[in-house]
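Structure first, then comments.
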Amino acid sequence: MAILTLLDQNKKQITNPSEIKKYMNDRGIIFEQWQAAMPLQDTDTQETILKAYEHELKPYMEANNYLSADVINVHKDTPNIEAIRAKFLSEHVHAEDEVRFFVDGEGNFFFHIEGENEEVFSLLCQKGDFISVPKGYKHWFDLAPKYHVKAIRVFQTQEGWVANYTNSKTEQRYL
């Protein structure tokens, strides 16, 4: 179950999925919760995992012109885990939406929304949580402290995940 933390509001936390969905959707970020069509095991292949969520994934991909999906599985024994973590920790944007569905584990997305009502908040995504971060949204991601993320990634281009770092150092106030 996701946990939304309003970092500039005394770290107020919201755990009600409907409230989280409304908060995120009001900011243009899609948040949903999906269920597998069949039971999954830790040892299941990428193909089995994608098949288990095909009933949710396929309509979403077709409606939004996504080309491919894969499964990433990062854990504390992954080689170079700290280097992998560091790659996501700096504020960045993407030229395409960043779409993730958490099959297992957890990860914390941090968002920096600029404008008249500037805000910084985080969403701890866990098993069953789906998120689509629109292209151009400033954010960063932390897989600590558990260092376990198994997620379906969805892409619009063949290049996949490409970060354009803002170099704002905003994330340093919150990590």
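For beta carbons closer than 9 Å, sequence separation of 6+ or different chains, a first residue in region 76-97 that is over 27 Å from ALA63 (Cβ atoms) and a second that is among the basic types (Lys, Arg) and exposed (fewer than 14 other Cβ atoms within 10 Å of the Cβ), the qualifying pairs are LYS76/LYS146; SER90/LYS169; GLU91/LYS169.
Of all the residues in region 62-98, those that are among the aliphatic types (A, V, I, L, M), surrounded by 14 or more Cβ atoms within 10 Å (Cβ to Cβ) and within 16 Å of LYS135 (Cβ to Cβ) number 1.
In region 143-175, of all residues being aromatic (Phe, Trp, Tyr) and either more than 16 Å from the chain's Cα centre (by Cα) or within 14 Å of GLY105 (Cβ to Cβ) (or both), the one that is surrounded by the fewest Cβ atoms within 10 Å (Cβ to Cβ) corresponds to TYR165.
Among the residues of region 48-62, none qualifies, meaning not one is closer than 28 Å to LYS138 by Cα, over 16 Å from the mean Cα position of the chain (by Cα) and part of a strand (DSSP E or B).
Against the numbered list (1) in contact with a strand residue (DSSP E or B) (Cβ under 9 Å, 6 or more places away or on another chain); (2) in contact (Cβ under 8 Å) with a residue 40 or more places away in the chain; (3) open to solvent by 50 Å² or more (accessible area, probe 1.4 Å), GLU114 comes up short only at (2). Please work out if ALA83 is under 18 Å from ASN167 (Cβ atoms) and out of contact with any strand residue (DSSP E or B) (no Cβ under 6 Å at 6 or more places or on another chain). So ALA83 does not fit the description; no. Looking at region 120-142, which of its residues are within 19 Å of GLU56 (Cβ to Cβ), part of a strand (DSSP E or B) and open to solvent by 10 Å² or more (accessible area, probe 1.4 Å)? Hit for region 120-142 is GLN126, nothing else.
The values are calculated or read from the model by the stated rules, or taken from the named source; none is laboratory data. What you are looking at is a predicted structure, and each value in this text was computed from that prediction instead of being measured. Because the Cβ atoms are built from the backbone with ideal geometry, glycine has one as well, and the counts that use them run over all protein chains shown. In case anyone asks, the SASA skips ligands and DNA or RNA and just uses the protein heavy atoms, side chains included. Shrake-Rupley method; radii C 1.70, N 1.55, O 1.52, S 1.80 Å.
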